[in-house]
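Reading through the structure tokens given below for one structure.
The values are calculated or read from the model by the stated rules, or taken from the named source; none is laboratory data. Since the structure is predicted, the reported quantities are computational estimates derived from the model, not experimental observations. All Cβ positions, even for glycine, are placed from backbone atoms using ideal geometry, and neighbour counts span all protein chains on display.
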Amino acid sequence: MAERQNLQGRYGTPIHRKRAVREALDALQGSRRAILTTHLNADGDGVGCQVALAAWMRALGGRPHIVNPTAFPDLFRFLLPEKGWVLEASSAAAREACAEADLAVVLDTGEMPRIGRVKPMIEDIRTVVIDHHQPGGQPIGGTSFRDANACATGELVYDLVLASGGPWSRATQDGIYVAILTDTGSFRFSNATPSAHRIAADLIADGVDPEGLHRRVYGAAPERRLRLLAKALNTLEVDATAGVAWMVVPHQLEGTEPLAEDVEGLVDYPRSVEGVEVGLLFRRTANGGTKISFRSTGAVDVNALARLFGGGGHVKASGALVEGLPADVISGVVEATRRAVRAAGGYPSPHSSLDSPQEKAARDE
């Protein structure tokens, strides 16, 4: 276990969170057989928090397990001290663990639909929700520790371990660091707040290896991911007049459906096109629906945009799952995005009063 150095300028939990921290901590510290879950197609924030919290609870004498609605990403398995911490949701071991559990901890989401097939497995268990997303229309009940101002759910898990006084195992520290690293886009996005940097600094001071963790997460892409990117880039469409760009992920690559972890981050390519206000990524799901990722570069609130399609998330990064194949839904989503960009003042309407006299005359002819 790492011992915390007594340094000046360390991160401190915001005062408005302290009551919620205490309530969540009471439930967590009283548990011996918790089930930790996160959203469909887990990302670095979700699984980083799971590993961090599981390591902390095990150091306190508990026996938590991780049970997710979709597979634990191979990319982040290096965080796990033991493979046995993760139970496949369809396995008898997972069903038995849920039947014996005294607590369910839902991380990085607070919405019922987002935990998929795990929902019926934990619905009768006392629940704690730890999340940094905007509340949606189908909230998970129980003890709630939520703050949309947190840079990542990893920040909230840091609050909990900090308030408890530890212990600070390497798995707990690495898990929190990876959670914040990935959700802030390597500290590039607007949620890379002073708190994000202070927590990262504290963890580095305590022995976290930032170069090593960055290399494990971003520095070694499998060949399949690069081939997927090449095919996705061939679908890139840009509406320069509206400030919108989009791509479609191939449904199969060499006869195999792409892994969720290989799709992670691809939406940054249409978003990165010069002059684009919103980037979109469309991916066909196994059941014939479409997963849409929305990313904003400026004033457009893509959380509000995603909610038009039954989704949600953050102001600058959101998602939605809709019925229908990508070819059937792209035009409607793109048109709604064009309207959202215009409403945010990003680009004028084709019939806007911002048109020049020459443009008005040409249009009226």
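Just one of the numbered conditions (1) more than 19 Å from the chain's Cα centre (by Cα); (2) farther than 23 Å from T109 by Cα; (3) part of a helix (DSSP H, G or I) is not true of H214; which one?
Here H214 clears every test but (1).
Of S144, S169, S190, which residue is in contact with a strand residue (DSSP E or B) (Cβ under 6 Å, 6 or more places away or on another chain) and in contact (Cβ under 8 Å) with a residue 60 or more places away in the chain?
Of S144, S169, S190, the one residue that is in contact with a strand residue (DSSP E or B) (Cβ under 6 Å, 6 or more places away or on another chain) and in contact (Cβ under 8 Å) with a residue 60 or more places away in the chain is S144.
Touching a residue at least 24 places away in the same chain (Cβ under 8 Å) and closer than 28 Å to R216 by Cβ: does that describe L103?
no
Quick check on the stretch 315-342: of everything there that is farther than 16 Å from V276 by Cβ and either outside the structural domain of L281 (by TED's automatic domain parsing) or part of a loop (DSSP other than H, G, I, E, B) (or both), which residue is modelled with the lowest pLDDT?
V315
Which of the residues that make up the stretch 281-314 are in a loop (DSSP other than H, G, I, E, B), of a type in the set (G, A, S) and within 28 Å of R146 (Cβ to Cβ)?
G289, G298, A299, G310, G311
Does the stretch 73-81 contain at least one residue that is part of a loop (DSSP other than H, G, I, E, B) and either crowded, with 23+ Cβ neighbours inside 10 Å or free of Cβ contacts under 8 Å to residues at least 12 places away in the same chain (or both)?
There is no residue in the stretch 73-81 that is part of a loop (DSSP other than H, G, I, E, B) and either crowded, with 23+ Cβ neighbours inside 10 Å or free of Cβ contacts under 8 Å to residues at least 12 places away in the same chain (or both).
Looking only at the stretch 262-273, which residues are surrounded by 20 or more Cβ atoms within 10 Å (Cβ to Cβ) and either among the polar types (S, T, N, Q) or out of contact with any Ser or Thr (no Cβ under 7 Å at 6 or more places or on another chain) (or both)?
Hits for the stretch 262-273 are D262, L266, P270.
Would you point out which residue out of L213, L228 is surrounded by 18 or more Cβ atoms within 10 Å (Cβ to Cβ), farther than 30 Å from G345 by Cβ, of a type outside the set (K, R) and touching a strand residue (DSSP E or B) at 6+ places or on another chain (Cβ under 6 Å)?
Residue meeting the stated conditions: L228.
Are there any pairs, at least 6 apart or on different chains, whose C-beta atoms fall under 8 Å, with the first in the stretch 31-42 and within 7 Å of G62 (Cβ to Cβ) and the second among the β-branched types (V, I, T) and at pLDDT 95 or above, and if so, which?
A34/V105
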